[in-house]
Structure formats: structure tokens, C-alpha cells
Amino acid sequence: MTTPTERRDFLRGLLAAGAGGLAALAPAGAGLHVFLDPLRRSGAGADFVRVTGLAALPADGIPRRFTVRTDQVNAWNRRADVPVGAVYLRRTDETEIQALHVVCPHAGCLVDYAPAKDGFLCPCHNSTFALDGTINDPKSPSPRGLDRLDVEIRNDTEVWVRFQNFRVGAKEKVPA
């Protein structure tokens, strides 16, 4: 048989353990929230990135290749001014700029501008693309033309591109 003192000591210990557990929940929950915060953020899609100045694009309509650099944030890491890809930019008229992704939609190879073909050439499978990115060769294994990207001219002098990568091998343009 237990004595009233033993019973009281047991209840006192039980209440102390419960109160201590409750007191530890608040800082543990706050720490877990901060630790998992980068993982719960959703990627809201591609943002516009400044690529070059408008003066770097001559009015001749010939595409120029530019490296896209931006700050990169992955979970808990942040790196500034990192190359994330490349685009071909060309003027289609005085205030219109066309941007094409440099990656071939077939197998992910980098396309080259081929002046002799007046378009782009994929060195992996010799497919050609017109200056506007459409497929030139009906026998091309590429499921779609080169991926167009949105372009904005800001402050009348800066070319900004909504840069993002797309899934290769897919018939539709699906963000990767």
C-alpha cells in the first residue's frame, strides 16, 4: 500500500515533468519553424533578370548570346551574381527584343548561332532553327522550337528577361 506522502511526491513529479515539457514546446516549435522556413517557401516562378544594356544589341537583327547572372537562393544558401544560363537576344525592331533560350528542347544541348544557315544549329543532332526559334527542318527530332522568354525594356536602356529553364524532350513548354 502506498502512503499519502508517496502519492503526493509522485503527483508533484508528474506535474513538474508536464510543466517542463510544456515550457520546452514553445522554443522548440519556434526553432523548428525557423529551421524549416526555407523549405516551405514556394518557388513563385521566374523573375525578371537584368541581362544587358539596350546599346549592346545592334539594330542589324543578328542574335547575340548573353550569360544570365542572378542571385541564387537554395534553402539556406545565398550566392550573389551566379551564372544561371544564357539567352540569345536580338532586335526585331527599334523597341522590340526577342529572347530565346540557348538550350535545345530535344536533348538539352546548347545551340549555336549559324550565320551561314541564317538561324541556329544544334550540334548534337544537326537540327536547325529559324531566327525566331521555330524548327527549320521537318525531320528534326526536337519536339518544339527554341523556347521564347519574356522580355522587358526598363528605363529605356536596360534589357530584362524572365529567365527560366524548361523540361527537355517534352512537346509542351513545361518549366523545369
Notebook entry, point to check: Would you pick out the residues in the range 118-129 that are without any contact (Cβ under 8 Å) to a residue 12 or more places away in the chain and surrounded by fewer than 16 Cβ atoms within 10 Å (Cβ to Cβ)?
Noted result: Asn126
Item checked: Whichever residue in the range 63-98 is among the β-branched types (Val, Ile, Thr) and not in a strand (DSSP E or B) and, among such residues, is surrounded by the fewest Cβ atoms within 10 Å (Cβ to Cβ) -> Thr95
Margin query: Cβ-Cβ distance below 6 Å, separation of 6 or more or different chains: which pairs start in the range 147-176 with a residue that is small (Gly, Ala, Ser) and end on one that is surrounded by 12 or more Cβ atoms within 10 Å (Cβ to Cβ) and in a strand (DSSP E or B)?
Written below: Ala176/Phe166
Check: Can you tell me which of Ala107, Ala99, Ala75 is touching a residue at least 60 places away in the same chain (Cβ under 8 Å) and in contact with a Pro (Cβ under 9 Å, 6 or more places away or on another chain)?
Finding: Ala107
Notebook entry, point to check: Do we have Ile153 as within 28 Å of Gln72 (Cβ to Cβ) and surrounded by 13 or more Cβ atoms within 10 Å (Cβ to Cβ) here?
Noted result: yes
Notebook entry, point to check: Can you name the residue in the range 69-92 that is among the aliphatic types (A, V, I, L, M) and out of contact with any strand residue (DSSP E or B) (no Cβ under 6 Å at 6 or more places or on another chain) and, of all such residues, is modelled with the lowest pLDDT?
Noted result: Ala75
Notebook entry, point to check: When only residues in the range 98-113 that are at pLDDT 95 or above and over 19 Å from the mean Cα position of the chain (by Cα) count, which is nearest to Gly53 (Cα to Cα)?
Noted result: Gln98
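The values are calculated or read from the model by the stated rules, or taken from the named source; none is laboratory data. Quick caveat: nothing in here was measured; it's all calculated off a predicted structure. Note that each Cβ is placed from the backbone with ideal geometry, even for glycine, and that neighbours are counted across all protein chains shown.
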